[in-house]
Structures are given as structure tokens and as C-alpha cells.
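Data first, discussion second: the structure below is written as C-alpha cells.
The values are calculated or read from the model by the stated rules, or taken from the named source; none is laboratory data. Model, not experiment: these values are computed from the prediction. A quick note on method: Cβ atoms are made from the backbone with ideal geometry, for glycine too, and the neighbour counts reach across all protein chains shown. Just so you know, the surface numbers come from the protein's heavy atoms only, side chains and all, with ligands and any DNA or RNA stripped out. Shrake-Rupley method; radii C 1.70, N 1.55, O 1.52, S 1.80 Å.
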Amino acid sequence: MDKGFIELLKKQLEHAEAPIHGEEMGRVTSVGDGVVQIEGLPNVMFSEMVRIEKNQAVSTEPSYAMVLNLEEYTVGAVVLGSDAAIHEGDIVKRTGKVLSVPVGEQLLGRVVNPLGQPLDGRGHLAAGNLQTLPIERPAPPVIQRESVHASLATGFKIIDALIPIGRGQRELIIGDRQTGKTALVLDTIINQLNEPEAKRPICIYVAVGQKYSKVAQLVQELKSRGAMEHTIVVAAGASDPAPLWYIAPYAGCTIGEYFRDKGKDALVIYDDLSKHAWAWRQISLLLRRPPGREAYPGDIFYLHSRLLERAAKFSSQYGGGSLTALPIVETQAGDVSAYIPTNVISITDGQIYLEADLFAKGQRPAVNIGISVSRVGSAAQTKAMKKVAGPLKLELAQYQELAAFVQFAQDLDEATRKRITRGSRLMELLKQPQFKVLPFEEQVAILFAGTGGYLDQIPLERVKEFEAKLLEQLKNQHPEILKNIHESRDLSEETRGELQKAIEAFSEDFKQSHEIETTAQK
């Protein structure tokens, strides 16, 4: 090969690797539907922020866009906000930075948009107390993690006993519209007030594509119950453009990672990832990316996997913090085999399936125990809960099997009748209305009474009354029992004996009062 040609190639390569001096600028060639095409930015990076300086006669405020398409002659970017004031020919400048969000303690109790701008009317965030982190960060490597073992209590008996969630886990909440998905995570946030302040996780609630009125209602509920102090709300409203829907879960995850990296526990709720997928589909189609199944782009699985893989429990060597993820996915007519639900199911460590039929029958929360599962299992339960959850699982499994066979049967043997009686009372016991979350020690006491057979002689319609009065008596007359369970996280033989005596005495009194009432009515 000619030596002169080789020298020329070397010079060109040296020139290509030399740092760029001065400001790199381009111009808008087209704009529409929140997407701008730009020419003249040869060195711009994927996911880099670019500043669009608009016509001064229209507005002096620049717009920002995030680069998502790197083509041969042009760059495709999505505008983070309104594109109404952007016109063909506007100047575009590189910022050299990827999209980042402000993080810090100052965000606690605040409502912000995915760019970290306050939405609650309580003034600006003081920049000096905040740092910024990129919204897209790599998931922590396996070497930094440890197995999930610490419990994250939801306050619901049916979940904490049968489908436990651990700190650092990813548990999907899935179901049709209006089946109580948001109510469940709202109560989970409120239930963290039952944890000691040192162990209380920071909660980040990410609202994707919801009406701001609904978000405001949720925030007001959290405030009225004192739970907003440990909560951050990241909201991309229904009226916001699709790019804000797209970045909202990543921004919420980054805020949670800030606390996790400081050795604290954080819980991030994505409500919901169905709308997140819709936003990415819209953006991808506008960027002229080829559509695949159901018009979703080919990287739709990667969209959620790179988000949910960031949830982790760090080992003590790396601070011991954790980030727990509770993604929500909406199904259509209970179809869990649809494209997005199956994608997210395969990424997460289990799912809580809320069924519309159960909800209509009054089972709250409407959890279908049959297809709900936690792949972490009893590793995320306290010793006390493990001891009462074991018999509960067995009783309910036998009840459901028998109930399916005997629904048309007339004559039942005594053993079958007893199983069905106990199972029906346990199912009634697992019902729990919204905002009635219970600390785990109270859950243990109630489930101990249920699995011990103390409800078998109680009429089904009086089970909830029995539960309420038993808890009241334990709190007033036997507070040491609940205190022992709470502090030891275990149900020792001594505590078990005391609890058994207290429940037996209460059960006898309750039966007698019921008999007296029945006689009086006759």
C-alpha cells in the first residue's frame, strides 16, 4: 500500500480523536408531535440533552430535548415539554450532558415532575442541597448484592402471610382497571409508619399518565395520615407529553438509588408500566422506528428490564441499602398472557394478581391466591409470621380444593364440613378494607386465632367483629404479648402459650355474648 496514503489515514484518525474546541451547533429541520429532527450535530451522543434556542420574538426561554435517534445526516430528539414555540431553523446547541434529575433529602414530602421541578406550589428546591444523577444508570453487579431476607410489610394479612415482599425485591401488582392496585400501594406506603423510624423505607411513588386531580387526592391522603414525610411523588400527568411519561419511572428509580446508595431502604412504585410502554411506543413510532408485535418497538422488553434490574439489596460491605420495586401493570379483561404483562412477569420476582370477580364479591384486597406468588417466599418473613403462615397456607389450599368439588354436593362428611367451615372463616379473616393496615404483630395474633380453630364456632357474619374485639382486648389487657412479638420478631413457646390463653378466654366470652344475644332475639 502507498506510504503517502497510510500517512494521510493516520492524520485523519488523529484529527478525528482530537478534542472539539468551541461550541457545536445545529438547526431544527422539522418539528411535530413532540419530536424534532436536527442537522449539524455530528458528535452528539445518544441520550444527550440538547438546548433549542427559539425565535426571540416568541420566547426567550430555551427548550430542551433528549437525543434518541442517531441517523446518517440528522438527529432525532424528543422535546421535554411543549414544542409549540419551536420552529424550523431554530438553533440547537449541545450540552454535553445526559438527562439527569436532582436528588437529595430535600425532596422528601414534595411532589415533582420527572425533571425534578416542583408541582406542589411550595417553592423551588434549594439547588445547594441537591445533587444530580443521570436517570439511566447501570444495574448494580451481582457481587454488590446479597439475597433478599428483610421483610417489607404491606400491612395486609393476605400478602404478608402468603405472598411476602422483601426489601430489594421486585414484585409486580397486576390486574384490571378498578381492582384496587393503587389502593394497595397507597396502604403499603401508609403502613411504613408502623416500622421504627430508623428502619422506615423512603417511598417514591411514580404516577405515569394519571390525572393530576387523582395524584392530588393521593397526596392529600398521605398527608392526612402523616405518611408524606417519608414519601416523594414523581408525577407525569395525563396532559403531559409522552417523553415525560417515558422518563418518569427512570427519574423515580434514580431518586430511590440515591437513598439506597447511602445505606437506607427505599421503595419505588411505578403506577403504571402499561402507560409507560404506550408512551415509548408513541415516541418510537414518531421517530420512525420499525414497529413489531402490537406496534411496540423491538426494545420494549429492554425498556422495563433495565429499569427493574436496578432494584437490589446491597450487602453490608456496600452499605446494606436496598431498593424495592413495586411495578403496576394493567390488564384487559384479566388477560395476564398479553404482551406487556408477560414481559414484566418474566422480569419480576413474583406477582400479586388482583381479580375483578373477587373485587366484585367484596374480597378486599382482591388477591387471587392461586396465581399470585412471591419467588422470595418465606425468606422475607419474620420468624413469627412464618410460624402462623405455614398452617394458613395448608388450610387455604385444602379449602380451595374441597370448595371446587363440593359446591354441588349435598351430603358432606364431618371432616370435609370442618375444613370448609374453617377455610371460609379464614377467607373472611383475610378481608381488609382500605386504610386498615395492621402491624405484623397484630396480624400474627389474628392469624394464630384463625388457624388455631377459635373461629370455627363463630358465625361467618361475625368474624370481623371477633377480629376487631380480640385486637382491642389484646391491646388493652395484654399489651406485653404484642410487645414481645414486635420486639423479638418471633413467637416463642412462652409467648405462644400466653397468646393462646388470652384468645381462649376471649373466645369463650364472645361465644357466651353471642348466645345471650341470640336467645334475647328469640
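Brief remarks follow.
- Site pair ALA85 and LEU285 shows an inter-label distance of 3.0 nm when each label is modelled 7 Å from Cα along Cα→Cβ.
- The smallest convex shape that holds all Cα atoms of the chain, its convex hull, gives 210 Å³ per residue.
- In region 327-469, taking the dipole from charged Cβ atoms about the Cα centre, the farthest positive-side position among PHE405, GLY350, GLN381 is held by GLN381.
- Peptides 436-444, 144-152, 283-291, 487-495 ordered by average Cβ neighbours within 10 Å, highest first: 436-444, 144-152, 283-291, 487-495
- For region 78-221: Kirkwood Rh in Å [reciprocal of mean 1/r, alpha carbons]: 18.9
- Members of LYS393/LYS431; LYS387/LYS436; LYS393/LYS475 lying beyond 18 Å, as alpha-carbon distances in this model show: LYS387/LYS436; LYS393/LYS475
- Straight Cα distances below 20 angstrom link LYS386 to the aspartates and glutamates ASP160, GLU171, GLU195, ASP349, GLU395, GLU441, GLU442, GLU487, ASP490, GLU493, GLU494, GLU498, with same-chain residues fewer than 8 positions distant left out.
- Within the accessible surface of the chain, defined with a 1.4 Å probe on protein heavy atoms only, the carbon and sulfur portion equals 51 percent.
- The helix-based estimate of mean residue ellipticity at 222 nm for the chain, built from -39,500 (n - 2.57) per DSSP H run of four or more residues and divided by its residue count, is -13000 deg cm²/dmol to the nearest 500.
- Region 156-282 - Kirkwood radius from inverse mean 1/r over Cα pairs (Å): 15.3
- Residue-by-residue Karplus 3J(HN,Hα) for region 177-183, coefficients 6.51, -1.76, 1.60, Hz, glycine and proline x: 4, 6, 10, x, 5, 5, 4
- Lys, Arg +1 and Asp, Glu -1 on Cβ, resulting dipole of the chain about Cα centre, debye, nearest 20: 300
- Scanning residues 5 or more positions from LEU80 or on other chains, those with amide H under 5 Å from its amide H are TYR64, ALA65, MET66, with H placed 1.01 Å from N in the peptide plane.
- Of ILE173, ILE143, ILE345, the residue with the largest accessible area leads and the full order is ILE143, ILE345, ILE173 (1.4 Å probe).
- Extension gain, GLU71-LYS483: 0.36 nm per intervening residue step, less the Cα-Cα distance, totals 141.9 nm.
- Taking 0.36 nm per residue of sequence separation and removing the Cα-Cα distance, the LYS211/ILE143 pair yields an extension gain of 20.4 nm.
- Beta bridge orientation in the chain: antiparallel %, DSSP, nearest 5: 55
- Cα pair count fraction exceeding 13 Å, expressed as % - region 234-289: 62
- Each Lys and Arg Cβ is given +1 and each Asp and Glu Cβ -1; about its Cα centre, region 387-468 then shows a dipole of about 160 debye.
- Cut-off under 5 Å, modelled amide H: who pairs with HIS87 long-range: ASN55
- Unit Cα scatterers, Debye sum, region 409-486: log10 I(q)/I(0) for q = 0.16, 0.17, 0.18, 0.26 Å⁻¹: -0.63, -0.70, -0.76, -1.30
- Calculated FRET value between HIS124 and LYS501, using beta carbons and R₀ = 60 Å, to 0.05: 0.50
- If R0 is 35 Å, the Cβ-Cβ spacing of LEU193 and ASP490 corresponds to a FRET efficiency of close to 0.95.
- Overall, the anisotropy analysis places region 278-366 in the oblate class: the square-rooted eigenvalues a ≥ b ≥ c of its C-alpha gyration tensor yield a/c not less than 1.5, with a/b not exceeding b/c.
- For the pair GLN178 and ALA468, the difference between a 0.36 nm per residue extended length and the Cα-Cα distance amounts to 101.7 nm.
- Among 323-335, 217-229, 369-381, sorting by the average number of other beta carbon atoms lying within 10 angstrom of each residue, highest first, gives 323-335, 369-381, 217-229.
- Per residue, the chain exposes an accessible area of 47 Å² to a 1.4 Å probe, with every protein chain left in place.
- Note on region 106-244: lysine pairs with Cα distance below 19 Å, sequence gap of 8 or more or different chains, count 5.
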